[in-house]
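Worksheet: one structure, shown below.
The values are calculated or read from the model by the stated rules, or taken from the named source; none is laboratory data. None of these values were measured; they are calculated from a predicted model. Positions of Cβ are backbone-derived with ideal geometry, glycine not excepted, and every protein chain shown enters the neighbour counts.
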Amino acid sequence: MRKLTLIAATISVALLAGCQQATQQSTPAPAVQAQPVQSEIDKANAFFEDTFNRDVMSSPVYQTYMGIKKDYDKWDDNSEEKALKDLAQAKADLVTLNSIDRAQLDTATQVSYDLKKQDLEASIADFKWRYHNYPVNQMFGTHSMVPAFLINQHQISNVKEANDYIARLNGVPGVFDQLITGLEIRADKNIIAPKFVFPHVIDSSKNIIKGAPFEQGEDSTLLADFKRKVNALEIDQAEKDALISKATEALKTAVKPAYSKLINYIAQLEKRADDRDGAWKFPNGEAFYNNALKRTTTTDLTAKEIHAIGLAEVSRIHDEMRAIKDKVGFEGDLNAFMQFMKTDKQFYLANTEAGKTQYLSEAKGLIDNMKTRLDELFVVKPKADMIVKRVEAFREKAAGKAFYQQPAPDGSRPGIYYANLYDMEAMPTYQMEALAYHEGIPGHHMQIAISQELEGVPKFRKFGGYTAYIEGWGLYSELLPKEMGLYEDPYSDFGRLAMELWRACRLVVDTGIHAMKWTRQEGIDYYVNNTPNATSDGVKMVERHIVMPSQATAYKVGMLKILELREDAKMQLGDKFDIRQFHDVVLKNGPVPLNVLENFVNEWIASKQA
């Protein structure tokens, strides 16, 4: 099963696949035919339910993300033996699915059937690429997942769950041993991250074992988290003290040695690394990257075609920026205007706690205002709430500038828009508006929370995802408020364009690095020379491209498809076009490949014309 983790979170984010639905009207069948038709539909839906539940229950980590606490004291098995077992299971599942008579399914179940089949076939076909990634890097990885998961996902509401947390602390050495084994397998295949990755991983890992009980000083990140959660329990102080003592011992005897061993291994592996950045360096790297592009975009676009689309979009957006430059009366060319936007202090809050608090407050205000406008855009709205939160200190240096974490399905945890305030010069106020709309509302929160709350659809569709659909919606959601009359400040509108420009540049640079053998520095230079973003943004983005081949191409490809479908619907429907209904069609089926989304929109257009 492809698991949703950070989403952030692992290289498989670029290859996530879930599955979805359609609706149908059918002519009632004679009674004598009803039973076999219903039987095949029941068989398919039972298969969808059973396999999803089985896959969730095979992953203690995913269970926790889903709010399930059965294996709350365990970590996932990431061994080669487990990978082979999962492959065999996928093949067996495909045999079972093929035994179901698709012709006897209704339209909605046929769509689920087709997408489930596509997902299984992709999982089987992609097994050969399972080592074509970097399981620890500056963006994500097991070393940072462990503390982030315990802090943000492992809730403690009773003594048992506190002991489960301690058991997970004691289980860290086994997790890291499997990680090191996987890294060694990759190294034997000459799949080693570029040199720049290693200092980030070592630094992030060392941060976890700073402070008490590892050394004198304030409590470490994990001990502080455990104490906070346990001290909130309504139990005797003696019992709290006993739990904290057990956790302290686990940190000293399990977590510290595990991180020390990993740090030492990474330091040795670093000596074998070089400065080659693209996926072209992998065994069969060209084929791997082409496959990654296909999975990420859910299209047949080639690297060359995606590169050309990016260049064209960069040119168009530059023209729109020049119009804003002239509107505000700036004298000078676009590069000078971009430099002004990069450096003028009016666009940056202080790199202090007060400045960071102000940023979070203003971002929350933008989200709260958009919440009052949702009826203008949507028929269906999510029940789950959403909050704005700062990226935790232990991971903010290496984490992306902003990201979204989905709410818990049981309502116990809201959706979270994380803003990274480590470097306030990378968070200009003129981009604040577009960033909040993308990560929060009407962006990822609307799409992901609505998907999770869909009724009458298989769970694997509700909790799966296609990157081009998900991130395409996020980027499209930056444009929607402009069409509602927001971005009243022209500088804020410039910020919107700057963020769209950033995604267009991604098409150019991702393909440049992985297909055209650009260097890391060539990629950084392209961002610096074509966008108003901080140089640190360009460095982080290029380094993200390098460790997540193809992932960053999803945004613009997905957005362009949604806009193409919307404009086609407007042209065909004229006065019958309703933006709220269009968004309902896009969102009500959960994440789908772009070609399936096109089918849904075409069916909606036909129904409106009938």
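Assorted remarks:
- Lone qualifier among LYS252, LYS210 - being within 30 Å of ARG544 (Cα to Cα) and not aromatic (Phe, Trp, Tyr): LYS210
- Test: residue in the stretch 396-416 that is among the hydroxyl-bearing types (Ser, Thr, Tyr) and at pLDDT 95 or above: no
- Of all the criteria given as (1) of a type in the set (A, V, I, L, M); (2) in contact with a helix residue (DSSP H, G or I) (Cβ under 7 Å, 6 or more places away or on another chain); (3) crowded, with 18+ Cβ neighbours inside 10 Å, the one not satisfied by ALA187 is (3).
- The helices (runs of 4 or more DSSP H) falling completely within the stretch 526-610 that include 3 or more residues that are touching a helix residue (DSSP H, G or I) at 6+ places or on another chain (Cβ under 8 Å) and more than 30 Å from LEU377 (Cα to Cα) map to 535-547.
- Pair list, Cβ under 6 Å, 6 or more apart: the stretch 396-407 residue in contact (Cβ under 8 Å) with a residue 60 or more places away in the chain, other residue part of a loop (DSSP other than H, G, I, E, B): LYS397/TYR422; ALA398/GLN138; ALA399/VAL391; ALA399/ASN420; LYS401/ASN420; PHE403/ALA8
- One residue from SER99, SER144, SER112 being over 30 Å from ILE208 (Cα atoms) and touching a residue at least 40 places away in the same chain (Cβ under 8 Å): SER112
- Residue check for ASP177: surrounded by fewer than 19 Cβ atoms within 10 Å (Cβ to Cβ) and modelled with pLDDT of 95 or more: yes
- Considering only residues in the stretch 447-500 that are of a type in the set (Lys, Arg) and out of contact with any Phe, Trp or Tyr (no Cβ under 7 Å at 6 or more places or on another chain), the one that is farthest from ASN589 (Cα to Cα) turns out to be LYS482.
- Unique residue being in contact with a Cys (Cβ under 7 Å, 6 or more places away or on another chain) and not hydrophobic (A, V, I, L, M, F, W, C) when the list is SER99, SER112, SER79: SER112
- Pairs where the first residue, in the stretch 530-545, is touching a residue at least 24 places away in the same chain (Cβ under 8 Å) and within 20 Å of TRP280 (Cα to Cα) and the second is among the aromatic types (Phe, Trp, Tyr) and in a helix (DSSP H, G or I), C-beta under 8 Å, 6+ apart: MET541/TRP502; MET541/TYR527; VAL542/TYR527
- Pairing each residue of the stretch 362-377 that is charged (D, E, K, R) with any residue that is in a loop (DSSP other than H, G, I, E, B) and loosely packed, with under 15 Cβ neighbours inside 10 Å, provided the two are 6+ apart or on different chains, yields C-beta distances under 8 Å for ARG373/MET484; GLU376/MET484.
- Of the criteria (1) surrounded by 22 or more Cβ atoms within 10 Å (Cβ to Cβ); (2) over 23 Å from the mean Cα position of the chain (by Cα), which one SER607 fails: (1)
- When the stretch 410-454 is filtered for residues that are among the acidic types (Asp, Glu) and over 18 Å from the mean Cα position of the chain (by Cα), the ones remaining, listed by number, are ASP410, ASP423, GLU425, GLU433, GLU453.
- Residue match in the stretch 55-75 (condition: at pLDDT 95 or above, touching a Phe, Trp or Tyr at 6+ places or on another chain (Cβ under 6 Å) and closer than 29 Å to ILE100 by Cβ): yes
- Count - residues of the stretch 527-537 that are touching a Ser or Thr at 6+ places or on another chain (Cβ under 9 Å) and either among the charged types (D, E, K, R) or surrounded by fewer than 23 Cβ atoms within 10 Å (Cβ to Cβ) (or both): 2
- When VAL314 is tested against (1) among the β-branched types (Val, Ile, Thr); (2) loosely packed, with under 14 Cβ neighbours inside 10 Å; (3) in contact (Cβ under 8 Å) with a residue 24 or more places away in the chain, only condition (2) is not met.
- Pairs with Cβ under 9 Å, 6+ apart, first in the stretch 51-65 and closer than 24 Å to LYS117 by Cα, second in a helix (DSSP H, G or I) and among the polar types (S, T, N, Q): THR51/GLN89; THR51/THR96; ARG54/GLN89; ASP55/GLN89; VAL56/GLN63; MET57/GLN63; SER58/GLN89
- Counted residues, the stretch 417-462 - those being outside any helix (DSSP H, G or I), closer than 26 Å to ARG395 by Cα and free of Cβ contacts under 8 Å to residues at least 40 places away in the same chain: 4
- Single residue of the stretch 47-67 satisfying the filter (touching an Asp or Glu at 6+ places or on another chain (Cβ under 9 Å) and of a type in the set (Val, Ile, Thr)) that is nearest to GLY464 (Cα to Cα): THR51
- Residues satisfying the stated conditions in the stretch 378-396, i.e. in contact with a His (Cβ under 6 Å, 6 or more places away or on another chain) and over 23 Å from MET427 (Cα atoms): PHE378
- Selected residue (criterion: surrounded by the most Cβ atoms within 10 Å (Cβ to Cβ)) from residues of the stretch 552-584 that are of a type outside the set (Lys, Arg) and within 18 Å of HIS307 (Cβ to Cβ): THR553
- Only helices (runs of 4 or more DSSP H) whose full extent lies in the stretch 37-131 are considered here, and the ones with at least 2 residues that are of a type in the set (D, E, K, R) are 80-98, 107-125.
- Residues located in the stretch 74-88, provided they are under 29 Å from THR299 (Cβ atoms) and without any contact (Cβ under 8 Å) to a residue 60 or more places away in the chain: ALA83, LEU87
- Any hit, the stretch 470-477, residues being at pLDDT below 95 and in a loop (DSSP other than H, G, I, E, B): no
- Boolean, LEU486 is within 17 Å of LEU366 (Cβ to Cβ) and touching a residue at least 12 places away in the same chain (Cβ under 8 Å): yes
- Search result, residues across the stretch 350-381 that are touching a helix residue (DSSP H, G or I) at 6+ places or on another chain (Cβ under 8 Å) and among the β-branched types (Val, Ile, Thr): ILE367, VAL379, VAL380
- ALA312 vs. criteria within 30 Å of TYR466 (Cα to Cα) and modelled with pLDDT of 95 or more: yes
- Residues (surrounded by fewer than 24 Cβ atoms within 10 Å (Cβ to Cβ), farther than 25 Å from LEU334 by Cβ and in contact with a Lys or Arg (Cβ under 7 Å, 6 or more places away or on another chain)) located in the stretch 468-526: MET484
- Those residues of the stretch 405-434 which are within 28 Å of GLN155 (Cβ to Cβ) and among the aliphatic types (A, V, I, L, M), in sequence order: ALA408, ILE416, ALA419, LEU421
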